1. Given Cα pairs under 8 Å that are at least 6 residues apart, what percent is the relative contact order of chain A?
2. Which lysines, on any chain, are close to A:K161 with Cα under 21 Å apart, when same-chain ones fewer than 8 places away are left out?
3. Report, largest value first, the span of the C-alpha coordinates of the stretch A:187-258 along each principal axis, in whole Å.
4. Can you send over the solvent-accessible area of A:Y99, 1.4 Å probe, protein chains only, in Å² to the nearest 10?
5. Give me the accessible area buried between chains A and B, both sides summed, with a 1.4 Å probe, in Å² rounded to the nearest 100.
6. When Cβ neighbours within 10 Å are restricted to other protein chains, what is their mean count per residue of peptide B:180-186?
7. Using the alpha carbons of the stretch A:81-214, what is the convex hull volume per residue in cubic angstrom, as a whole number?
8. Whenever you get a sec, line up A:K137, A:K21 from highest to lowest accessible area (probe 1.4 Å, protein heavy atoms).
There are 2 protein chains.
Amino acid sequence: MEELTPRQQTILGLVVREYVKSPNPVSSRALVENYGLQVSTATVRNEMARLEELGYLTHPHTSAGRIPTPKGYHHFVERLLGEVELPVHEQRTIAHQFYQARQDFSQWMPLAASVLAHTAQGAALVTAPLATEVRYKHLQLISTQGRAVLLVLVLRGGMVKQQMLSLPEPLDQQVLDEASDRLNQHFNGLTADEIGGHVADLPAFESQVADLVTDLMRRAERHTTGEIYRDGLSRVLQQPEFSEQEHAQGLIRVMEERSFLEAVLADALSPEVGSVQVLIGGEGRWDELRACSLVLGRYGVSGFATGALGVVGPTRMLYGRAISVVRFVSDLLSDLVYDMYVG
Amino acid sequence: MEELTPRQQTILGLVVREYVKSPNPVSSRALVENYGLQVSTATVRNEMARLEELGYLTHPHTSAGRIPTPKGYHHFVERLLGEVELPVHEQRTIAHQFYQARQDFSQWMPLAASVLAHTAQGAALVTAPLATEVRYKHLQLISTQGRAVLLVLVLRGGMVKQQMLSLPEPLDQQVLDEASDRLNQHFNGLTADEIGGHVADLPAFESQVADLVTDLMRRAERHTTGEIYRDGLSRVLQQPEFSEQEHAQGLIRVMEERSFLEAVLADALSPEVGSVQVLIGGEGRWDELRACSLVLGRYGVSGFATGALGVVGPTRMLYGRAISVVRFVSDLLSDLVYDMYVG
DNA sequence: AATTAGCACTCTCGTGGTGAGAGTGCTAAA
DNA sequence: TTTAGCACTCTCACCACGAGAGTGCTAATT
């Protein structure tokens, strides 16, 4: 693979920037005029032809301007973009919003989705942090009425599960409290399997509860992503490239279908916290995403709990802003998760 | 307002049925041929012209078939549809799915959304049940690490809120337990305002917790809908009427923008549990929904907790199925909520 | 050797015309 | 009141045409 000359790099970069600005194929003249290049349109045309041979640009038809290929976007993102940072005043605004929400766990994810969507001008996805290892932390049995009992199970990492259970006969709240206390002492910090081993030693009622608990924990272990939060879908669907249904299809599926998103995340996103990956035009593996790019990140605390977050937009997206805001929000969320779980 | 003749009713009904089956304007000939009418096409044409004068049908252009107007759909739903029920085998399948999920609160809403979307072949929305009155039930303080404490607040009705709080100095889990016990005894069944009145009497740490609790409860009181669950958006967007963006816009907004959905629900949905409302073509009040119909229902237990659920589709939707499945799922959810909160 | 001016060529897009087909509205007869 | 018959209207697909935009190539220039 031959290296691009500096001028080819420049031109490739300008084509991407110009095309992102407005969704029309960009012509040699537009480039020379708008960016004050010190060469003629003919030279630019020659270079463009070369870039097309090399697979970085393409033509919708013979006599139209050029648009970047996925390979072209890739080169742009990896070699030309450099380290981008969000403007400081935006950083401050965002950090402030998170600061205000810092205590209310339930606001974090919606806020993150909203900030991502807004700043990157795309659709945003955030999955709730999920413990990499499911361990028992605390259990509470609350009598509601008659024989019905609400079981609230808190897992290490802050995940809370609720489940109803109905007793053969009514039990007093005090009896329930004692049972919870005993189970909490026995089970603190254990995994589902470890709890399973102890069940036999317990009195009848408590072992019934323990069964339920292991069941809940096993179910939690099977999940690979937590609750999913979304924002900005309607805005991004107004982009001209999504006026055709087939292109919008993949975007909507990745935003709506949990299984599809999970598949993409599993395939494309490294499990390492703080990493940011860019998936352009489906990368050949996801045909439905031909018209979309995803900027994905992972946040949280390795070994405790991690979640994913990302921006979805047309391939013609503002990669610089998207990458920087994903990274920034990811760091903020990681800090919050750290404070909550570890600090 | 003049009454429609029986034959006009028949024809209106057939136009709706035929148009729902395939999205082309329906001609007089199609009606006579497909439904074996004992009159000629000319007669049908005359009746159609009359129905158009009365505002039940319309023309896309002079020489095309007829399509129903919103008024036409209304008449169809209210007068011609009768009491529809889901086929028994579908009822059984659905009831079985809910039976299997009956103990896991967290599965109810996604399951309901999935069943609605699937059965009605539309997009589905379900809001989590929300207590009509926010009352304290139970609180648990769990020390996580150092000075950080996880506060888990259970409200009457089963809603659970989590919040972090950080102490000026580390406290032992036992101290936290005692504090929770005391607060639980004091506050059981109270509203935010009532708790606010007691705060002054408490020792420093407990009053700090109580402040947080009232704050959480006040915030819960301000919400009018719970968490929103969605399903089936991508399927319904494949319908031909949504290939134009402007029509898809309203659909996507009502599915995605919480505030928009809340406005529609507040305006259109009666607070009475078990009621089902049909909102056709935005009813003049919601221009974005011109191409959509909503079948909305409310479930839950009046005075305890209620939520909304609904199906969204093109005006050209299967009203019979949509209404019956909304009613059926609504009843199932109401039963579950009843068992959980009251039983 | 690289650049550039010039120009022919290609392709899109909007416009207008045309003919087939579908479906109506109307009139007059049953 | 219904219906047969027919003229009329409107859409849609198709084609042709010209303007405009942009390229690719060649030959001249630096």
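The values are calculated or read from the model by the stated rules, or taken from the named source; none is laboratory data. Only a predicted model underlies this, so the values are computations on that prediction, with no experimental measurement involved. Here the Cβ positions follow ideal geometry from the backbone for every residue, glycine too, while neighbour counts run over all protein chains shown. Areas reflect the complete protein model, heavy atoms only, side chains present, ligands, DNA and RNA absent. Shrake-Rupley method; radii C 1.70, N 1.55, O 1.52, S 1.80 Å.
1. Details: 562 pairs, mean separation 65.6, N = 343.
Across chain A, relative contact order equals 19 percent.
2. Within the straight-line limit of under 21 Å, A:K161 reaches these lysines: A:K137, B:K137, B:K161.
3. 65, 19, 18
4. About 130 Å², ignoring ligands and nucleic acids.
5. Working: alone 16990 and 16970 Å², together 30200 Å².
In total, chains A and B hide about 3800 Å² from solvent.
6. Values: counts 1, 1, 0, 0, 3, 0, 0.
Average per residue, whole number: 1.
7. Numbers: hull volume 21.2 nm³, N = 134.
Roughly 158 Å³ of hull volume per residue.
8. Working: A:K137 45, A:K21 150 Å².
From most exposed to least exposed: A:K21, A:K137.
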